[in-house]
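The values are calculated or read from the model by the stated rules, or taken from the named source; none is laboratory data. Owing to the predicted nature of the structure, the values given are computational and were not obtained by experimental measurement. Because the Cβ atoms are built from the backbone with ideal geometry, glycine has one as well, and the counts that use them run over all protein chains shown.
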Amino acid sequence: MNQFRFSRRPDIGEKVSVSFEFFPPKTDEMESRLWDTVTRLEPLRPEFVSVTYGAGGSTRERTARTVKRILNETSLTPAAHMTCVDAARDQVDTVIREFVDFGVTRFVALRGDPAAGVGTAYRPHPDGYANGAELVGALKSVGDFDISVSAYPEKHPESPDFATDIDMLKRKVDNGATRAITQFFFDNDLYERYVERARRAGIYIPIVPGILPVHNFTQVANFSSRCGALVPAWLAERFEGLENDPQTHALVASAVAAEQVLDLVERGVGDFHFYTMNRADLVFAVCHMIGIRSHEAEATGSAAA
Ligand code: FAD
C-alpha cells in the first residue's frame, strides 16, 4: 500500500459514504421519475445530493426549484451546482444570494462548458468569473460554504498537460474548495495516479471518484469521447451485442459499477459520488454491494412523491 492510500481499508458499509448527482427535470414525466429516484435513494442517507446547472444558466429556475424541493420535502442535504458560462459577476452573485436565501450551504462550483458546445474554445464573459477557481473565491467571499469542485483523472480536454490541470485544481483548493469530485472514469489506475499527482502538488482535500453506472453503453461511449474519458476495450466488450437486451445490459452495468467501486474500496477509497442520471436502480444495487443499507423509517422523501 503506498503513502497516498488511506492508512487502512474502510470496513465496508461502515466507513463508505456516498453522494448522488441529479439533473433538473424538463418535463412532468422526467420530474416524476426524478422524485421516484430521490424517494428510493433517500433512505441510503447520502452525505449530500447535488443538482446540476445547465450551461449559461439555462436551467437556473429548474435547478433552484429542484434544490428547494429537496430542502423542503426530504431529509437530504442538497448542493447546488453553479457555472460561470455567459454570465457577468453580478449575475452569478445574484444566483449565489438566491440559493443562500433559501437555505443552501453546499455548492458545486464549475466553470462550465463553452456556450457553443464541448470542443469549441471557451471564452469567459468579459465581466465574468474566468474559471472554477474564481467562482470558488466568489462563493467563499459570501460565506463559509462546503464547496465541491471538479477534477479530471484523465485531465480536462482543454488542459495542455497534467501539470496545468493540477495547477487549476490547486487554485480551487487555495480559494477554499472543500472537496473535488472527479469526472467519471473506468480505469481505477488513472484515478489513483491522478490522486498521487495531486498529493505531490500539495493538494490534500478529498478527491472523490465520480462513478457513472452505464445505463446505455452507446450513449456513454459517445459522451466519453467528448469529455475526454477513456472507454477501455474491455468495457466495450462487456456490453457488446446488448443494445437490444436491456435486462442483460442492466445486470452487466451493475456488475461493472460494483466491480469498479469495490476495487476502489480495496485501494482505500471511502467516499463515492454517483452520477445517477436520475435513475435509482443501478446506484441502489451498487450501494447495497458496498454495504450501504436503507434506513427507511428515517427518510421523509415519500412525502415528496
Ligand atoms: P475549470 O476547472 O475552471 O477548468 C477546466 C480546465 O480548463 C482546467 O483544468 C484548466 O487546465 C483549463 N483552464 C480553464 N481556465 C483556463 C485558463 N484561463 N487558462 C488556461 N487553462 C484554463 N457542467 C455544467 O454545465 N453544469 C454542471 O452542473 C456540471 N457539473 C459537473 C460536475 C462535475 C463533478 C464535473 C467533473 C463536471 C461538471 N460539469 C458541469 C462539466 C464542466 O462544466 C466541464 O467539464 C467544463 O468544461 C469545465 O468546467 P470546470 O469547472 O471543470 O473548469
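Counting only residues that are part of a loop (DSSP other than H, G, I, E, B), in contact (Cβ under 8 Å) with a residue 60 or more places away in the chain and either over 18 Å from the mean Cα position of the chain (by Cα) or surrounded by 17 or more Cβ atoms within 10 Å (Cβ to Cβ) (or both), region 229-269 holds 4 of them. In the set (1) among the polar types (S, T, N, Q); (2) within 7 Å of the ligand (Cβ to nearest atom); (3) modelled with pLDDT of 95 or more, Ser159 fails one condition alone, (3).
Here the condition is being of a type in the set (D, E, K, R) and modelled with pLDDT under 95; of Glu31, Glu14, it holds for Glu14 alone.
Here is a yes/no grid of residues against (1) more than 17 Å from the chain's Cα centre (by Cα); (2) charged (D, E, K, R); (3) in a loop (DSSP other than H, G, I, E, B):
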| site | (1), (2), (3) |
| --- | --- |
| Ser32 | yes, no, no |
| Asp36 | yes, yes, no |
| Pro43 | yes, no, no |
| Thr63 | no, no, no |
| Arg69 | yes, yes, no |
| Phe99 | yes, no, no |
| Arg111 | no, yes, yes |
| Gly117 | yes, no, yes |
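Scoring Met168 on the criteria (1) more than 7 Å from the ligand (Cβ to nearest atom); (2) part of a helix (DSSP H, G or I); (3) not small (Gly, Ala, Ser) leaves a single failure, condition (1). Once region 208-223 is narrowed to residues that are farther than 14 Å from His249 by Cβ and touching a residue at least 40 places away in the same chain (Cβ under 8 Å), the residue that is nearest to the ligand (Cβ to nearest atom) is Gly210. Residue count for region 79-93 under the criterion of being within 28 Å of Glu47 (Cβ to Cβ) and more than 15 Å from the ligand (Cβ to nearest atom): the result is 1. Cβ-Cβ distances below 6 Å connect the following pairs, each with a first residue in region 170-191 that is within 17 Å of Glu21 (Cα to Cα), a second residue that is polar (S, T, N, Q) and surrounded by 18 or more Cβ atoms within 10 Å (Cβ to Cβ), and a separation of six or more residues or different chains: Arg179/Ser148; Ile181/Ser148.
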